[in-house]
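Below is one structure; the comments refer to it alone.
The values are calculated or read from the model by the stated rules, or taken from the named source; none is laboratory data. Just so you know, these numbers come straight off a predicted model, no measurement behind them. Because the Cβ atoms are built from the backbone with ideal geometry, glycine has one as well, and the counts that use them run over all protein chains shown.
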Amino acid sequence: MAPIISIRDLTKTYANGFKALKGVTLDIEEGEILALLGPNGAGKTTLISIVCGIANPSGGSVMVDGFDVVKDFRKTRGMIGLVPQELTTDMFETVINTVSFSRGLNGLPADPAHIEKVLKSLSLWDKRDNALRELSGGMKRRVLIAKALSHEPRILFLDEPTAGVDVSLRKDMWQLVSRLRETGVTIILTTHYIEEAQEIADRIGIVNQGELLLVEEKNALMRKLGRKQLILDLAKPITEVPATLSAFNLLLQEEGSQLVYDYDAEKDHGGIPGLLAAIEASGLHFSDLSTRQTSLEDIFVSLIGDAS
């Protein structure tokens, strides 16, 4: 099956010479959740803007369900819903009129039942007759999501959707994302909350300085770049690792009171009993041991640091 979005050698250079995107190539499969991670200014929003038809590329191509986003703008834009970072709404309009108008902008006939369903799913139905200026910041963010869903898009972009919102909305947001995925909607999100990407995404893409450093299935990424550590708290501090333990490449930390052993969780289980036996034979004693798993945040920080 062909990808729902196909990006090839995409570049974007602004008039001042700044290169926001540098040859990005990416396929996004229908029905998946892809999380794009990267620091501010990495190029995530520029990438989204080009796919959504808000900005024009300097080079390369973007196809959405086989249609070119530049040549077939109306066709591709109708398949996409976008929740932007900024709150861009008419503050004096009511919630229900704002969301209904957004559906009309996409060329679809009025459908009060669908609008009601969307508003209820976002806990906005009771606020439907309120002007947007009367709503809290979190509620305004919900309205942006409702607008993006008003025309029943096949693809939904969420650009930092939970930035600056409360925990309640964040929880509701991810529940909604899960429900949308069950209906076949393809979801691409950017987020600074790495733990959320780790929880909800099928694949993770890491963007930095206009380049796509990698895109991997989440669990494969954790297996490939994640690691486990066995941490041994020594009964008495030491000044150096005994020569008899050199084969294990142990790190001495916490002022000599802790030994750390990096290992592959799938391959090195057999090495741990050997390590413990070697420690005992060396005359060292430990008071406690524990394990630590590398997180997606650790991987992200490492990759961004390596690319700097």
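Going by the conditions given, is residue 62 among the aliphatic types (A, V, I, L, M), under 28 Å from residue 25 (Cβ atoms) and free of Cβ contacts under 8 Å to residues at least 24 places away in the same chain? Considered against the rule, which asks whether it is among the aliphatic types (A, V, I, L, M), under 28 Å from residue 25 (Cβ atoms) and free of Cβ contacts under 8 Å to residues at least 24 places away in the same chain, residue 62 comes out as no.
With the condition kept exactly as written, say whether any residue in the range 67-76 is surrounded by 14 or more Cβ atoms within 10 Å (Cβ to Cβ), assigned by TED's automatic domain parsing to the domain that holds residue 141, more than 24 Å from residue 151 (Cβ to Cβ) and of a type outside the set (Asp, Glu). There is no residue in the range 67-76 that is surrounded by 14 or more Cβ atoms within 10 Å (Cβ to Cβ), assigned by TED's automatic domain parsing to the domain that holds residue 141, more than 24 Å from residue 151 (Cβ to Cβ) and of a type outside the set (Asp, Glu). Please find, among 43, 59, the residue that is among the small types (Gly, Ala, Ser) and surrounded by 16 or more Cβ atoms within 10 Å (Cβ to Cβ). When all the criteria are applied, what remains is 43.
Meeting the requirement of 2 or more residues that are under 22 Å from residue 211 (Cβ atoms) and among the basic types (Lys, Arg), the strands (runs of 3 or more DSSP E) wholly within the range 18-137 are 19-28. Quick check, is residue 15 touching a Lys or Arg at 6+ places or on another chain (Cβ under 9 Å) and either assigned to a loop (DSSP other than H, G, I, E, B) or crowded, with 16+ Cβ neighbours inside 10 Å (or both)? No, not satisfied. The residues of the range 274-303 that are under 17 Å from the mean Cα position of the chain (by Cα) and in a helix (DSSP H, G or I), listed by number, are 296, 297, 298, 299, 300, 301, 302, 303. For residue 189, the conditions (1) among the hydrophobic types (A, V, I, L, M, F, W, C); (2) free of Cβ contacts under 8 Å to residues at least 24 places away in the same chain; (3) closer than 30 Å to residue 116 by Cα are fulfilled apart from (2). Exactly one residue out of 159, 126, 172 is acidic (Asp, Glu) and surrounded by fewer than 18 Cβ atoms within 10 Å (Cβ to Cβ): that is 126. Within the range 141-193, restricting attention to residues that are aromatic (Phe, Trp, Tyr) and not in a helix (DSSP H, G or I), the residue that is nearest to the chain's Cα centre (by Cα) is 193. Restricting the first member to the range 66-93 and to residues that are more than 18 Å from residue 106 (Cα to Cα), and the second to residues that are at pLDDT below 90 and assigned to a strand (DSSP E or B), the beta-carbon pairs closer than 6 Å and six or more apart or on different chains are 85/159. Scanning the range 206-234 for residues that are modelled with pLDDT of 90 or more and part of a loop (DSSP other than H, G, I, E, B) yields 209, 210. The one condition from (1) surrounded by fewer than 19 Cβ atoms within 10 Å (Cβ to Cβ); (2) modelled with pLDDT of 80 or more; (3) within 30 Å of residue 124 (Cα to Cα) that residue 257 does not meet is (3). Note on the range 141-156: residues that are at negative phi and surrounded by fewer than 19 Cβ atoms within 10 Å (Cβ to Cβ) amount to 1.
Take the residues of the range 86-122 that are polar (S, T, N, Q) and touching a helix residue (DSSP H, G or I) at 6+ places or on another chain (Cβ under 7 Å): which is modelled with the lowest pLDDT?
89
A Cβ distance below 8 Å, combined with a sequence gap of six or more or placement on separate chains, defines the contacts here; from the range 280-294, residues that are aromatic (Phe, Trp, Tyr) and at pLDDT 85 or above reach residues that are outside any strand (DSSP E or B) and loosely packed, with under 14 Cβ neighbours inside 10 Å in the pairs 286/235.
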